[in-house]
């Protein structure tokens, strides 16, 4: 490679130099900003010489190397919050915990398992709280036995202000506890059987969005798919360390786009963008397809440490919540499918993610690589898989088919 030789004319390149110049990234921000569309083309003529562009694999490798070995991760930016990490651990081991805690109603006792996992409660304290809330479930028992510094939540916006680690109680007729959740911050809440709020949500443990719960009318929550209204109360868990207020002064949803003169739809300030940015910080974006407003495009970018650590089920809830919150996205029942676009080295993870999203959003999910050509599709047809929701008999047949293909690969 001749870096110091004379600049050659385009005419002599093919005869004398197969490679004239190799361009590297001088700064990581240049690698991140370098468009995938340009990376798909191997080279171009620039100032009389051939410039070899970085291919997609090199852009990806450069970014991953930087985050893994160079960049010092900032705890506030990259580290998973302790309460969220504890919640994911408890959810992943829920089946075992369910068998252990059969004496308790996990519709209301689940938050205290998380607080114990996060070491905010001791095992005896968590046991005591589970007994109290199980006894309170469906009874006119005062919430002061398990919650302090209580505040009634009167609007959807106030749900977004609740700090991580705080309890959120749902009361029927204002006195009967029927559901208890734990705040993750940013308007996300962990609980069991959250299909209470929305029939589209599956049963079992999950982290759901505030927007999935329903809407507030006259200070009461009306859950989706029902006309029932409930009192919503937030507070500190009894016995947990309490050095702060229940509500955050920094709103998880902030207005960052103001009205314009010529856009009537924008006369009311739009506030979804900041919230979307906070929820999709793992490096993915959601938008409508430029070709069809009823098709969503979900793009996955390379991020620190590993490909897309946010759990697939969490992502399904975030997507559903954003569809409720963002008026510029279509309603969920109007969406035809989701195009899931990813860099090449993330397909093992995303193949599993595609099926999870399809099942939980009840939508088809079409997998695509960033660079789509006929030759790539011919060599790697699995990168263009279409996932459809699996329910009932289809789930059984799909499981058997997966087992058959696994056994076939193993030669059994």
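The values are calculated or read from the model by the stated rules, or taken from the named source; none is laboratory data. Every value quoted in this text rests on a predicted model; they were computed, and no experiment measured them. Here Cβ is always computed from backbone atoms with ideal geometry, including for glycine, and neighbour counts include all displayed protein chains.
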Do we find that residue 131 is in a helix (DSSP H, G or I), surrounded by 14 or more Cβ atoms within 10 Å (Cβ to Cβ) and modelled with pLDDT of 85 or more in this structure?
-> yes
Enumeration of residues in segment 370-388 that are at pLDDT 85 or above, closer than 18 Å to residue 353 by Cα and part of a helix (DSSP H, G or I) | 381, 384
Every residue from segment 137-161 that is surrounded by fewer than 22 Cβ atoms within 10 Å (Cβ to Cβ), under 20 Å from residue 101 (Cβ atoms) and touching a helix residue (DSSP H, G or I) at 6+ places or on another chain (Cβ under 8 Å) = 137, 141, 145
Which members of segment 151-169 meet the condition of being farther than 13 Å from residue 219 by Cα and part of a strand (DSSP E or B)?
-> 162, 167, 168, 169
How many residues of segment 197-222 are surrounded by fewer than 20 Cβ atoms within 10 Å (Cβ to Cβ) and either touching a strand residue (DSSP E or B) at 6+ places or on another chain (Cβ under 6 Å) or closer than 21 Å to residue 113 by Cα (or both)? The answer is 6
Exception for residue 206 within (1) closer than 18 Å to residue 312 by Cα; (2) at pLDDT 95 or above falls at (2)
Some residue of segment 162-170 being at pLDDT below 90 and either over 26 Å from residue 332 (Cα atoms) or buried (at least 18 other Cβ atoms within 10 Å of the Cβ) (or both) = no
Hey, any hits in segment 188-196 for a residue that's surrounded by fewer than 18 Cβ atoms within 10 Å (Cβ to Cβ) and either farther than 22 Å from residue 120 by Cβ or in contact (Cβ under 8 Å) with a residue 40 or more places away in the chain (or both)?
-> yes
